[in-house]
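Q: Once you've had a glance at the structure underneath, I'll fire off some questions.
Here, each number is a calculation from the coordinates, and none is a lab measurement. Just so it is clear, the model here is predicted, and its values are computed rather than measured. Here the Cβ positions follow ideal geometry from the backbone for every residue, glycine too, while neighbour counts run over all protein chains shown.
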Amino acid sequence: MSDTVRVSIVTPFLNAARFLEEAIASVLAQTYDRWELLLVDDGSTDDSTSIALHYVKAHPEKIRYLSHAGRENKGASASRNLGARHAKGEYLAYLDADDVYLPQKLQQQVALLDAHPDVAMAYAATEYWNSWSGRPEDAARDWIWRRYGAAPDTTIHPPRMLVEFLRDGRTVPCLGSVLVRRSAVERVGGWEESFRHICTDQVFHAKLSLRFPVMISDACWDRYRQHEDSSCRKVARAGQSAAALERYLKWLESYLRAQAVDDSRVWAALRKATRPYRYPLLHRVEQQALGFPVFVTRALIRRTLPRSLRRRLRARWS
């Protein structure tokens, strides 16, 4: 085994005792060995901390434990920044505490970025993992998400992927599939710490894809565990998903202005993405109209919309 660390894997955890050991085991099972694992305690109050410290003691040359001052809870973005500040590797990888890597992830991704020095970040498809539960009804529910938004195995220059992410948010990669150059993360200022739990990855990918080339591989290197206690599920149950996305889009508009971005493709895609929030009534009518006959749609528009919005809608449909 080489003593030189090339990949620093950052795993924040908050009360993740149920899954943390399996995440760590998936790193230990990697076919590539020039890695370190940084376990970042985000203020856990369950057995997560003792699990992390057990693995640090068992593998002191490979695994390190970090926490915020006073073991404060600061959120996922701040925890990933803390890990990056202590990283030794030239590449950064991220693994959420409830997800797992497949064994060849690091070996294949390092080779990919080594072969393409102009590319800042590589990612791939992700398996949406339901069968971990062991329930018979979940055994056939695993599936691999391959909605890329661009041709795989080619260098994609900025800001192409940001435009695609805005056009279709489902093309944003899962974090476990990512390997990125640490220098690129540092140049964009790392993770936005005001985003603590949700949309953290959208912000991260927006900053990187706006500035650097990326590459998508038509492979699968990670498993994204599907469970009811995930941040996304909690936000969805609370009915806050739309509000979280709107906040991200508002942040992005401010960020683009601060960066003096003048690319018309980016601004057009952002305007389209924010339209449901700027004109919510018009958006609802448009969505409802998709399922109505023309004469019903026209009657609905005449009776419910003010004249200015009727003109806007007619112009859009024409």
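Q: Once you have the Cα-Cα distance between Arg71 and Tyr128, take 0.36 nm times their residue separation minus that, and quote the gain in nm to one decimal.
A: 17.4 nm
Q: Further question on the same structure: Residue separation times 0.36 nm, minus the C-alpha to C-alpha distance between His59 and Ala258: what's the value?
A: Residue separation times 0.36 nm, minus the Cα-Cα distance, leaves 67.3 nm.
Q: Output the antiparallel fraction of DSSP beta bridges having both residues in the stretch 123-232, as a percent to the nearest 5.
A: Percent antiparallel among DSSP bridges in the stretch 123-232 is about 45.
Q: Compute the distance in nm between two label points, each set 7 Å from the Cα along the Cα-to-Cβ direction, one at Asp46 and one at Lys272.
A: The two pseudo-label positions are separated by 4.1 nm.
Q: Then there is this: Share of antiparallel DSSP beta bridges in the chain, in percent to the nearest 5? Walk me through the numbers on the way to the answer.
A: On the way: 12 of 36 bridges.
Percentage antiparallel, nearest 5: 35.
Q: Separate question: With label points built 7 Å along Cα→Cβ from the Cα atoms of Arg307 and Ala25, find their separation and express it in nm.
A: Taking the simple label geometry, Arg307 and Ala25 are separated by 7.0 nm.
Q: Right, here's the next one. Going by Cα centres, the stretch 1-65 and the stretch 103-142 are how many Å apart?
A: Answer, in whole Å: 18.
Q: Could you order the peptides 34-41, 218-225, 256-263 from most to least packed, using the average number of other C-beta atoms within 10 Å per residue?
A: Highest mean packing first, the order is 34-41, 218-225, 256-263.
Q: Further, regarding this structure: Rounded to the nearest 500 deg cm²/dmol, what is the calculated helix-only ellipticity per residue at 222 nm for the chain, with -39500 (n - 2.57) per DSSP H run of length n ≥ 4? Kindly include the intermediate steps, with their values, before the conclusion.
A: Details: 13 runs with 139 residues, N = 318.
Only helices count here, giving -13000 deg cm²/dmol.
Q: Past 32 Å, Cα to Cα: identify those pairs from Lys88/Lys272; Lys62/Lys207; Lys74/Lys105; Lys88/Lys234, in the order given.
A: On the way: Lys88/Lys272 41 Å; Lys62/Lys207 30 Å; Lys74/Lys105 29 Å; Lys88/Lys234 34 Å.
Check vs 32 Å cut-off fails for Lys88/Lys272; Lys88/Lys234.
Q: Continuing with this model, one more query. Just want to confirm a number: the relative contact order over the chain, from Cα pairs under 8 angstrom separated by 6+ residues, in percent.
A: 18
Q: What is the spin-label model distance, in nm, from Ala236 to Thr155 if the labels are put 7 Å beyond Cα along the C-beta direction?
A: It works out to 3.8 nm between the two label points.
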